[in-house]
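Trainee: Can you keep this structure in mind? I'll have questions shortly.
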Amino acid sequence: MNITKIRVTFIVNPISGTGSKSALPSLVEQTLDKERFETCIVTTEYRGHAAEIAKAEAEKKTDIVVAVGGDGTVNEVARSLVHTETALAIVPCGSGNGLARHLCLPMDMKKAISIINECRIEQFDFGIINDLPFFCTCGMGFDAFISLKFAEAGKRGPITYVENVLKEGLKYKPETYEVSDDTGSHRHKAFLIACANASQYGNNAYIAPGATMKDGQMDVIIMEPFNALDAPQIAADLFMKTLTNNSKIKTFRTNKLHIHRKEPGAIHFDGDPIMTGTDIDVSIEHLGLRIVTNPEATEDIAQPNPVLNAFSDFFNNINNVREDIEKRGHRIQVINKLMLRRLSKL
């Protein structure tokens, strides 16, 4: 009796993240049930190649396509699978792994592969910003500016990201945006505007702690201008899932948004920056993507994060230096030196 096997194609980005993926073929061989699954492994060769491979696999009606890489690889694969019967699976190997962390997928390669054995598939929302699909977050302002800096950096990983934030954050000039949704139009002077389909940027930095990928809406986060002494609290809130309690943060939910700004500039989609014009449209496609999920996942699962520990340590000590910072009048330098000293000890 012939049994139709579940066809699974792994798309591997060899340069994403900081770790080697050379063990993947042997782990697939050891971990997946050979009686149920028929596997294929393809390595990308250039930017955009993952999207091309995934599109071809969807056209062939492959059951599951696995993105092996970071958020950029996940975005490329996922955008070729939306509104198809082919499901996305993720083996997170990037520097941030925002979607994988939101879905509570293991950061361990073998454990992530083993979840495919369960073949639990659910449907999720995804977003579109100016015709570009995103699955975690998109935005403009400071986070798009930092995405540009991060893309230009020679190093990857959370430490590089935080260093860029510290060096550039308090020099960045907020912009004025006209934000329109079904309730009307409002003007905001903002440090950044983020639209979140999922809860975090990656590395357990929760820009929208309450976001869910099944409600047909995005969480819109408007961060108002702040000074040097506000920055540690905002940073701590970002990693402790309490950002929406901060007085500098305004949030609302909608399924469609139009934003107008005075000058063209950068936006990002899942951390990938691109330059665009003065008008930006963001919307949510409800339940348009099938994803292989972790059957044991709960919202309480937390991944170890050295950056979170650094920020927590930093924030616990910031009150001790606050008065000294105010008296000396060089707030940015003291804050940055203290934060970078703690990061160097990780």
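Trainee: Mind checking whether some residue in the stretch 138-152 is crowded, with 22+ Cβ neighbours inside 10 Å, over 21 Å from the mean Cα position of the chain (by Cα) and at pLDDT 95 or above?
Mentor: Scanning the stretch 138-152, I find no residue that is crowded, with 22+ Cβ neighbours inside 10 Å, over 21 Å from the mean Cα position of the chain (by Cα) and at pLDDT 95 or above, so the answer is no.
Trainee: Here is a follow-up. Just need a number here: residues in the stretch 30-51 that are closer than 23 Å to Arg120 by Cβ and free of Cβ contacts under 8 Å to residues at least 40 places away in the same chain. Don't jump to the end; show me each part of the working.
Mentor: Going through the stretch 30-51, the residues closer than 23 Å to Arg120 by Cβ turn out to be 30-41.
Now restrict to residues that are free of Cβ contacts under 8 Å to residues at least 40 places away in the same chain: 34-35, 38-41.
Summing the residues that are closer than 23 Å to Arg120 by Cβ and free of Cβ contacts under 8 Å to residues at least 40 places away in the same chain in the stretch 30-51 gives 6.
Trainee: A follow-up question, please. Answer yes or no: is there a residue in the stretch 206-214 that is in a strand (DSSP E or B) and within 30 Å of Pro106 (Cβ to Cβ). Let's see the steps before the verdict.
Mentor: Taking the stretch 206-214 first, the residues in a strand (DSSP E or B) are none.
No, that holds for no residue.
Trainee: Do we find that Lys173 is among the basic types (Lys, Arg), modelled with pLDDT under 95, assigned to a loop (DSSP other than H, G, I, E, B) and not assigned by TED's automatic domain parsing to the domain that holds Gly72 in this structure?
Mentor: Here the answer is yes, as Lys173 does meet what is asked.
Trainee: Out of the stretch 179-198, which residues are part of a loop (DSSP other than H, G, I, E, B) and under 22 Å from Pro209 (Cα atoms)?
Mentor: First pass over the stretch 179-198, keeping only residues part of a loop (DSSP other than H, G, I, E, B): 182-183, 191, 197-198.
The answer is Phe191, Asn197, Ala198.
Trainee: To continue, here is another question. May I ask you to list the residues in the stretch 201-220 that are touching a Cys at 6+ places or on another chain (Cβ under 8 Å) and either hydrophobic (A, V, I, L, M, F, W, C) or modelled with pLDDT of 95 or more (or both)? I'd like the intermediate steps shown before the answer.
Mentor: Residues of the stretch 201-220 that are touching a Cys at 6+ places or on another chain (Cβ under 8 Å), as a first pass: 201-202, 218-220.
Passing the criteria: Met218, Asp219, Val220.
Trainee: Sticking with this structure for a sec: I'd like the full set of residues that are farther than 12 Å from Arg290 by Cβ, surrounded by 24 or more Cβ atoms within 10 Å (Cβ to Cβ) and not polar (S, T, N, Q), limited to the stretch 78-101.
Mentor: Answer for the stretch 78-101, where residues must be farther than 12 Å from Arg290 by Cβ, surrounded by 24 or more Cβ atoms within 10 Å (Cβ to Cβ) and not polar (S, T, N, Q): Ile90, Val91, Pro92, Cys93, Gly94, Gly96, Gly98, Leu99, Ala100, Arg101.
Trainee: Please indicate, with yes or no, whether at least one residue in the stretch 245-258 is surrounded by 20 or more Cβ atoms within 10 Å (Cβ to Cβ) and more than 26 Å from Ser95 (Cβ to Cβ).
Mentor: Yes: one or more hits.
Trainee: Moving on. Tell me which of these Glu38 doesn't satisfy, since it passes every other one: (1) within 23 Å of Glu296 (Cβ to Cβ); (2) surrounded by fewer than 22 Cβ atoms within 10 Å (Cβ to Cβ).
Mentor: Glu38 satisfies every listed condition except (1).
Trainee: Please identify the pairs in which a residue from the stretch 113-135 that is surrounded by fewer than 15 Cβ atoms within 10 Å (Cβ to Cβ) has its Cβ atom under 8 Å from the Cβ atom of a residue that is assigned to a helix (DSSP H, G or I), counting only partners at least 6 apart or on another chain.
Mentor: Asn117/Thr31
Trainee: Further question on the same structure: Go through the stretch 80-109 and give me each residue that's in contact with a helix residue (DSSP H, G or I) (Cβ under 6 Å, 6 or more places away or on another chain) and not aliphatic (A, V, I, L, M).
Mentor: Ser80, Thr84, Thr86, Pro92, Gly94, Gly96, Gly98, Pro106 - these are the residues of the stretch 80-109 that are in contact with a helix residue (DSSP H, G or I) (Cβ under 6 Å, 6 or more places away or on another chain) and not aliphatic (A, V, I, L, M).
Trainee: For the condition free of Cβ contacts under 8 Å to residues at least 12 places away in the same chain and surrounded by fewer than 22 Cβ atoms within 10 Å (Cβ to Cβ), what is the one hit in Gly210, Gly184, Gly265, Gly216? Explain how you work it out, then say what you get.
Mentor: Numbers: Gly210 fails: free of Cβ contacts under 8 Å to residues at least 12 places away in the same chain; Gly265 fails: free of Cβ contacts under 8 Å to residues at least 12 places away in the same chain; Gly216 fails: free of Cβ contacts under 8 Å to residues at least 12 places away in the same chain.
After ruling out the rest, the residue left standing is Gly184.
Trainee: Taking Leu192 and the conditions (1) under 13 Å from the mean Cα position of the chain (by Cα); (2) buried (at least 21 other Cβ atoms within 10 Å of the Cβ), which numbered condition does it fall short on, given that it satisfies the others?
Mentor: Of the numbered conditions (1) under 13 Å from the mean Cα position of the chain (by Cα); (2) buried (at least 21 other Cβ atoms within 10 Å of the Cβ), the odd one out for Leu192 is (1).
The values are calculated or read from the model by the stated rules, or taken from the named source; none is laboratory data. As the structure is a computational prediction, the values presented were derived from the model and not from experiment. Please note: Cβ atoms are built from the backbone with ideal geometry, for glycine as well, and neighbour counts cover all protein chains shown.
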